[in-house]
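No lab work stands behind these numbers, since they all come straight from the coordinates. Because the structure is a prediction, the values reported are computed rather than measured. Quick reminder, even Gly has a Cβ in these numbers, built from the backbone with ideal geometry, and neighbours come from all protein chains shown.
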Amino acid sequence: MLRKLPSVEAVLQSELIAALTDRYSRPLVVSAVREAVAGERNRIMEGGRTEVSSTAEIAGLVTEILEAKMRRSMRRVVNATGVVLHTNLGRALLAASAVEALAEAATHYTNLEYDLARGKRSTREIHVERLVRDLTGAEACHVVNNNAGAVLLALNSLAEGREVVVSRGELVEIGGSFRLPEVMAKSGSKLVEVGTTNRTTARDYEQAIGKDTAVLLKVHKSNFKMTGFVSEVSLEELVEMGRRKKVLVMEDLGSGAMIDFSLLGLPGEPVVADRVALGVSAVTFSCDKLLGGPQAGLIVGEKGPVKRMKENPLSRALRVDKLSMAALEATLLEILSGPRVRQTMPSVRMIAETAEEVRKRSESLVGRLGPVSDALSVTIVEGISQVGGGALPGADLKTWLISVTSASLDENAIESALREGPVPVVARIGKGAVYLDLRTVLTEEEPVVVDALRRVADVARRKR
């Protein structure tokens with residue numbers, strides 16, 4: 001059987017394969033042919049073939065391999081988990097105006113670093129500086145690729161070779177097992193821990209300040225909460241101490257709220273403008289979390305410290321491209337618009353949606369499923385959504401969930417079937433059931449969820 005197997009060269013000379021070279025590069029076609037022939041050889045060796053595949057049949061396999069190789073790995077999915085800023089699913093969705101700005105920047109030349117009024121070279125921050133000043137009251141700003149990069153650049157610029165004083169209870173770990181002490185070590189600054197895990201006092205900071213102290217660092221615990229016998233030093237106290245001791249004060253704010261989420265009935269999250277108003281030297285935060293924009297990190301604060309960061313050679317390595325800058329500018333303009341942000345910013349709209357609104361949408365969607373009760377049990381139950389993205393820890397959002405169970409499929413099989421459609425639907429697995437939270441499902445995505453549930457019902461029927 002192995003001797004009868006067509007050679008790679010024979011398959012390459014077939015008419016079907018010759019036609020494929022008009023659509024794909026020859027090296028890619030050759031690679032696919034070798035993979036197809038090798039696969040057939042292995043199946044023969046394993047006893048999985050009773051007859052040898054023809055050249056035409058192998059050519060058909062080559063077509064399938066090529067189509068799989070050329071399929072994009074990053075795909076659109078429907079987020080039915082109820083986690084608004086889902087890190088694994090890309091965090092904040094952009095406002096329509098930001099998408100439009102990004103597409104325009106991607107398909108045309110732009111004045112990224114060109115001053116149209118003066119006809120001279122400029123800097124890319126010029127497109128957002130005015131907006132950031134209006135929103136935060138900061139004297140200056142600098143944009144980098146993410147908040148970890150912002151912290152790295154800030155500490156390297158302000159404290160390389162010198163000491164940075166941080167409360168032990170604020171030495172946080174962010175997603176992907178990246179820890180603040182490790183980022184600080186890479187910045188070249190020297191970490192000085194003060195206080196204990198649960199309690200740090202102003203006296204702890206006072207005693208740690210010496211001639212080598214460059215920065216007092218405050219880190220907002222944006223992805224966890226401590227309760228009970230705890231105490232921490234406020235940013236106001238640190239700023240006053242920094243003025244007395246002539247030491248810079250910096251805050252890593254993390255999620256970067258530009259609007260007051262307490263107005264939406266959520267636990268208070270520090271607002272950037274309020275932190276700047278306290279007189280802090282520099283504040284760093286993410287742009288793709290509570291700000292609702294593209295991945296980027298913003299540094300805002302006093303002119304002197306921010307200028308040192310801009311002039312740091314690391315800025316070149318950490319800068320954002322024109323697409324992120326275009327989307328960020330459009331996002332900031334949306335935030336400046338005021339009340340309409342609840343309609344135009346997807347993440348804000350999802351966070352602000354009431355449980356009753358989610359319930360009505362859920363009941364409407366279940367009503368559109370049609371006859372599936374013979375295969376699935378679909379009910380509406382109370383549940384909790386989360387903001388996610390290391391933002392607003394403990395801020396559980398009341399919601400209603402679509403619960404899906406089946407006598408012939410367990411919860412893992414249901415969840416897997418939802419992910420296997422043309423547009424994967426990512427849901428939440430619970431005890432004995434799969435839950436879909438429409439809080440994070442766009443209205444125009446609801447038909448996709450309906451089709452996915454009908455497909456799961458078909459799978460369940462075949463399993464009976």
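Around the amide H of E251, modelled in the peptide plane, lie the amide H atoms of K218, A282, V283, T284, all under 5 Å away and 5 or more residues distant in sequence or on another chain. Counting every other Cβ atom within 10 Å of each residue's Cβ, Y435, Y114 order from fewest to most as Y114, Y435. The distance between label points at K225 and N111 comes to 4.7 nm (points 7 Å beyond Cα on the Cα→Cβ vector).
Subtracting the Cα-Cα distance of M74 and K211 from their residue separation scaled by 0.36 nm leaves 44.2 nm.
Going by how many other Cβ atoms sit within 10 Å of their own, how do S234, S406 line up, fewest first?
Working: S234 11, S406 24.
Taking fewest neighbouring Cβ atoms as first place, the list is S234, S406.
For the stretch 179-194, the residues whose amide N sits under 18 Å from a probe point set 7 Å from the Cα of E160 along the beta carbon direction are 183-191. All other residues whose Cβ lies under 12 angstrom from that of S403 are scored, Lys and Arg at +1 and Asp and Glu at -1, for a net of -1.
What ranking do F261, F285, F229, F178 get, fewest neighbouring Cβ atoms within 10 angstrom at the top? Kindly include the intermediate steps, with their values, before the conclusion.
Details: F261 22, F285 29, F229 7, F178 11.
In order of increasing Cβ crowding within 10 Å: F229, F178, F261, F285.
Charge dipole (Cα centre; +1 on Lys/Arg Cβ, -1 on Asp/Glu Cβ; no other charges) of the stretch 189-315 amounts to roughly 400 debye.
How far is it, in nm, from the label point at A202 to the one at A96 when both lie 7 Å from their Cα along the line to the Cβ? Placing both labels 7 Å along Cα→Cβ, they lie 5.1 nm apart. Measure nothing but the geometry: give the 0 to 90° angle between the long axis through the Cα atoms of 235-245 and the longest principal axis through the Cα atoms of the chain, rounded to 10°. For 235-245 against the chain, the angle is about 50 degrees.
For R41 and Q13, the FRET efficiency from 1/(1 + (r/R0)^6), where r spans their Cβ atoms and R0 equals 22 Å, is about 0.70.
Taking one quarter of the surface of the convex hull spanned by the alpha-carbon atoms of the stretch 8-69 gives a direction-averaged projected area of 3.9 nm². By the rule of a C-alpha distance below 24 Å, with chain neighbours fewer than 8 residues away ignored, the lysines paired with K289 are K218, K221, K225, K310, K322, K398. Since only P339, M226, I174 are under comparison, the one whose Cα sits farthest along the positive direction of the charge dipole of the stretch 96-344, derived from C-beta charges on Lys, Arg, Asp and Glu, is I174.
The angle between the Cα long axis of helix 96-107 and the main principal axis of the chain comes to about 70°, on a 0 to 90 degree scale.
Kirkwood hydrodynamic radius for the stretch 146-194: how many Å is it when counted over pairs of different Cα atoms? Display every interim value, and only then the final one.
Numbers: mean 1/r = 0.0929 Å⁻¹.
Hydrodynamic radius (Kirkwood, Cα pairs) of the stretch 146-194 is 10.8 Å.
Taking the C-alpha atoms only, the angle from helix 147-159 to the longest principal axis of the chain is near 30 degrees. Mean residue ellipticity at 222 nm, helices only, the chain: -12500 deg cm²/dmol; runs of at least 4 DSSP H residues each add -39,500 (n - 2.57), and the sum is divided by the number of residues.
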